[in-house]
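Bear in mind that the values in this text are calculations on the coordinates, not laboratory data. Remember, predicted model here, so these are calculated numbers, not experimental data. Ideal geometry is used to build each Cβ from the backbone, glycine not excepted, and the neighbour counts take in all protein chains shown.
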Amino acid sequence: MFSTSSQRKFWTFSDENELACHREKHNLEFISRHGQNLDEQQRYNYFLSPEEERLLLKQYELHLKEFCKRFQPPMPKGVIGTAFHYFKRFYLYNSSMDYHPKEILATCVYLACKVEEFNVSIGQFVANIKGDREKASDIILNNELLLMQQLNYHLTVHNPFRPVEGFLIDIKTRCSLANPERLCSGIDEFLEKVFLTDACLLYAPSQIALAAVLHAASKEQENLDSYVTDMLFRDAGPDKLAILIEAVRKIRSMVKMVESPARERVRAIEKKLDRCRNQENNPDSEIYKQRIREALDEDDVQYTGTSRMSLDTSGVTQVLSPSAS
Amino acid sequence: MDDQACPRCKTTKYRNPSLKLMVNVCGHALCESCVELLFLKGSGSCPDCNVPLRRSNFRVQLFEDSMVEKEIDIRKRILKDFNKKEEDFATLRDYNDYLEDIESIIFNLVNNIDIINTNKKIDQYKKDNKELIMKNKAKIGREELELEEILEIEKQMEDLRRTEVLRIDQEAKKQKIREKEALIDELMFADGDAKDILNTFSQSLANKQEEIVPVSVPKVTHFSSGVKFTRGSGQQPLPIIEEGPLYKYEPLAIPDRCGPDTPSIKEIISKGYLQHVRAENETEKAGGYKSTLPCLRALQDALAGLYHTS
């Protein structure tokens, strides 16, 4: 249930300013961490600004949508919704300069497949990715735990798809709307666009679903207002109705505002990102490879390290340890 | 019997009275010491016919003619699989034919006639009747167990009866001695006619004999080994566990759904919500699935959170 979920408690925010605040904070943190010896102008030229990051992530959300649509075997809608949630949640608290969105994108979809019980193996999964598949599966598996950690292990996502089904059943039962099935295409279209906005970080899934149903109805020149006011909110009181109307209006306007970012602009940003991204998290960089090597060697190092320590600190282990005798 | 001799070392019963002849599946005999010598490693081949044999399959020859031993072996092996009963056949004629078949198979194997084809026939039979063979085997096992139980009960009854008879015998002996003494005492000290006394005594004796009541025999429920019979005599009573205060169900507090109330399952059924949900099919019904559940869930999800305020 949404009202008691971690989604409501931790991942539903009051307004867009709050979201922007979080994103800006992490953008600035990254810049101050990595650009200590640069002045203001250099920083501006070298790093991505918060707006540039937004634009880039919007572009990658489009990529995410395309990737999921083309995915073989075709995935249920719930997986796509969950993947979008993960992607948005991840970049609320991380900068795209720290973790490249193309890597996080694939990881989000992979994790969403697991959580939504859409069973694909990693081999099947990377078959949908162009380029070096072995490298891709390495990246995904390496990032999976990081992603879960950044999501604070709040993996259950409430998507608007089931609420839509609920509303349709309810409308068919309680309303005299002729052929409600014709709303479906409008609803699907609307929900597809909703995920390109921040609506799912601001509103309850049922509110988004209702907005989708109402939008689809108005497209079909039908009016479901009486269903909302007389049936859903009959016992609720005008204040709650006002809140819902405002939410629906806001969601619909957000969807209306969706536009794909200009291509040249994004290309420039991507070039900039290639230079300024955190090389420690870039699987192609020397630093990254070296770190992986170190991590692999660490097992041995750690082992000798600890045994030496125990020799120093306790006399009992000294006696028992074979190397001491 | 005296001409019994080991075909290998030529020892006879006359020269070695403790001679024991052993046979294996091929039917050729060997004396015990030859077996030990030849099958030191556990397996080897028969010196007569070169058939590979295992030492563990050697057993003491019971019949003078070792061919009989061979036949017993083969019969045992064949009957393990050819275990159909008369009930498995439609007519008596079929059953008789089947028995005839078995005999001819055994005969062929014993006398090395057409071995290849006979073995093929056995294999074919095994393949065709796999299930029936398994079933009958289990049945035979069960029947054997039943028989064993019956035997055991009979044995215990027998024991009880024997001890009972012994007891009664002793009792009667003692009684007789006592009566005799009483009679003699009476004859010695009473003043009445000796004939009368004798008469009254024989009368009371006859009365007493009628009074002996048969002792009830306790029911047998255990094998002599102490194992309980598995069937029939009912299950063991469940152990009684000391209980604390009874569990009292308290309905879960339903958290605020943050939206309008959803219809109950009853309302979902009565108000016709189910017309708009895919009905469950037979298979799903068997698994406990009902279309009311997804319907309820969809409605709950739709209505929960509608009052959400940021």
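General observations
- Membrane-span-like helices in chain A, defined here as complete DSSP H runs extending at least 15 Å along the helix axis by their C-alpha atoms with mean Kyte-Doolittle hydropathy no lower than -1.0, are A:77-92, A:101-115, A:133-150, A:161-174, A:183-194, A:205-219, A:238-256; this is a sequence and geometry rule, not a statement about a membrane.
- In this rough spin-label picture, where each label sits 7 Å from Cα along the Cβ direction, the B:ASN57-B:ASP169 distance is 5.1 nm.
- Legend: mean number of C-beta atoms from other chains within 10 angstrom of residue C-beta atoms, peptide B:253-262, equals 4.
- Share of pairwise Cα separations in chain A, more than 37 Å, in percent: 31 percent
- Distance from region B:249-286 to region A:1-40 (C-alpha centre basis), Å: 39 Å
- Fewest-first sequence of A:ASP138, B:ASP196 by Cβ atoms within 10 Å of each Cβ: B:ASP196, A:ASP138
- For residues of A:166-177, the mean tally of beta carbons on other chains within 10 Å: 5
- Helical content alone sets the calculated 222 nm signal of chain B at -17000 deg cm²/dmol, taking -39,500 (n - 2.57) per DSSP H segment of four or more residues and averaging over every residue.
- By the rule of a C-alpha distance below 27 Å, with chain neighbours fewer than 8 residues away ignored, the lysines paired with B:LYS127 are B:LYS70, B:LYS76, B:LYS80, B:LYS84, B:LYS85, B:LYS135, B:LYS137, B:LYS139.
- Highest-MSF residue in chain B out of B:ASP97, B:ASP169, B:ASP256 [GNM, Cα springs under 10 Å]: B:ASP256
- Within straight-line cross-link reach of B:LYS155, lysines at Cα separation under 16 Å, skipping those fewer than 8 residues along the same chain: B:LYS219, B:LYS228
- Taking other C-beta atoms within 10 Å as the exposure proxy, B:PHE58, B:PHE89 rank B:PHE89, B:PHE58 from fewest upward.
- Per-residue shielding of A:90-98, expressed as the average number of other chain Cβ atoms within 10 Å of the residue Cβ, stands at 0.
- By other beta-carbon atoms within 10 Å, ranking A:MET257, B:MET22 with the fewest at the front produces A:MET257, B:MET22.
- Rg/Rh for the protein assembly as shown stands at 1.28; both radii use Cα atoms, and Rh follows the Kirkwood definition.
- Taken as entire DSSP H runs, the helices of chain B that both span 15 Å or more between Cα atoms along their own long axis and average 0.5 or more on the Kyte-Doolittle scale are B:292-303.
- Sorted peptide list for A:191-199, B:241-249, B:173-181, criterion being average Cβ within 10 angstrom, highest first: A:191-199, B:173-181, B:241-249
- Which of A:LEU241, B:ILE116, B:LEU147, positive extreme of dipole for the protein assembly as shown (C-beta unit charges): A:LEU241
- Cα gyration tensor category, rounded, prolate or oblate, for region A:198-263 with a/c compared to 1.5: oblate
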